[in-house]
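To start, the structure under review is shown below, and the notes come after it.
The values are calculated or read from the model by the stated rules, or taken from the named source; none is laboratory data. Worth saying up front: this structure is predicted, and the values here are computed from it rather than measured. When we count neighbours, we look across all protein chains shown, and the Cβ atoms used for this are built from the backbone with ideal geometry, even at glycine.
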Amino acid sequence: MARPVNEINAGSMADIAFLLLIFFLVTTTMDTDTGITRKLPPPPPEDMEDIKVKERNIFKVLVNKNDRLLVNGEPGDIRFLRQEAKEFLANKNLRNGAVPDDRPEKKEVDIPLLGGTVWISKGIISLKNDRGTSYDMYIQVQNELAAAIRELRDEMSQNFFGMKFSQLTDEEKIKSIQKAIPVAISEAEPEDIGGN
Amino acid sequence: MKKGGKGTPAISTASLPDIIFMLLFFFMVTTTMREATLLVKITPPQATEVQKLEKKSLVDYIYIGPPLKKALGTDSRIQLNDQFATDIKDIREFIELGRSQRDEAERQLITTSLKVNKDTKMGIVTDVKQELREVGAFKINYSTAKKLDTQK
């Protein structure tokens, strides 16, 4: 009688399993969640007085329940919001604190990597929405504002370090740019600005 | 090695695949375990300025959207873990629970990811945000899908 059939070599089974393992490892980490990260302000203390901010330092964005925009008191359009926000926050000259009357004021901050003391804008974007605003619209507005800040940071980063902000790897450089152009978006305490 | 005689027999590698398979299953199971079964319908809005959420282990999810079961109506509701929040105050408990599961040092780094349906009204989102502020969970992330910047 013939000998029993040789066992199939199971050595490569491990490799196949490894391949599968690696495939799952990679694919499961790939679908990372994406989103817009924001920091909420701490709740205001009971006895807090209203902080007075000069009119010229605020860029007001209101979104009503019909998803219409009111930008600085005038009906606005989401398509132009990015440009408007950019113009408002733009800071042409870091070395000079003098600004025309219709532009937001500046303050002095010490940022060594940008060449010592620089003047940064005190401008704040104030965002206010109605309870009836759709989430989609809210995100679109947040997105446009974030884009404005990102573009400004990119420009400044390009000027000083010769590459886009997102390409910076040096922690210090990233911090410097962030300091020079902060995410100055303030969300108003919620209140009904137009019935639901 | 000496030829003939007793010579050490080769260690059988036949069980190696099984070990690897066990690892494989372990990873498959643990990676899908984190996210809760969705009870609400969520179509995230799209945005261009998205960032990746780092450190998934430090993220808690709050889902807001209309229930999948039609019988529960079409109003947006909040889902925490595997169940609906009956009251906005449930968020406090949810956040505290999330904190107690992490190390002391990592608690400051916990991000709360808001997965909200795009047609949901801001009212409920604002309520959630207010509650998060009260509890001290300041790091939030509005979950959005990546939109390719075409016209600009």
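Scan the strands (runs of 3 or more DSSP E) fully inside the range A:94-179 and keep the ones with 3 or more residues being farther than 23 Å from B:Gln46 by Cβ and either free of Cβ contacts under 8 Å to residues at least 12 places away in the same chain or of a type outside the set (Gly, Ala, Ser) (or both).
Passing ranges, in order: A:106-111, A:116-121.
Against the conditions (1) farther than 30 Å from B:Lys52 by Cβ; (2) modelled with pLDDT under 75; (3) within 9 Å of chain B (Cβ to nearest Cβ), where does A:Ile16 fall short? Just the number, please.
Going through the list (1) farther than 30 Å from B:Lys52 by Cβ; (2) modelled with pLDDT under 75; (3) within 9 Å of chain B (Cβ to nearest Cβ), A:Ile16 breaks only (2).
Can you name every residue in the range B:14-26 that is at pLDDT 75 or above and over 12 Å from A:Ile16 (Cα atoms)?
Listed by number, the residues that qualify are B:Ser15, B:Ile19, B:Met22, B:Leu23, B:Phe25, B:Phe26.
Any residue at all in the range B:99-121 that's buried (at least 20 other Cβ atoms within 10 Å of the Cβ), within 13 Å of another protein chain (Cβ to nearest Cβ), assigned to a helix (DSSP H, G or I) and β-branched (Val, Ile, Thr)?
no
Of everything in the range B:55-87, what is closer than 16 Å to B:Thr126 by Cβ and of a type in the set (Lys, Arg)? Give them in sequence order.
B:Arg77
How many of the residues making up the range B:39-97 are in a helix (DSSP H, G or I) and away from chain A (no Cβ under 14 Å)?
Qualifying residue count, the range B:39-97: 8.
Take B:Thr126 and tell me if it is within 17 Å of A:Gln142 (Cβ to Cβ) and assigned to a helix (DSSP H, G or I).
Yes; evaluated as a whole, the condition is true for this residue.
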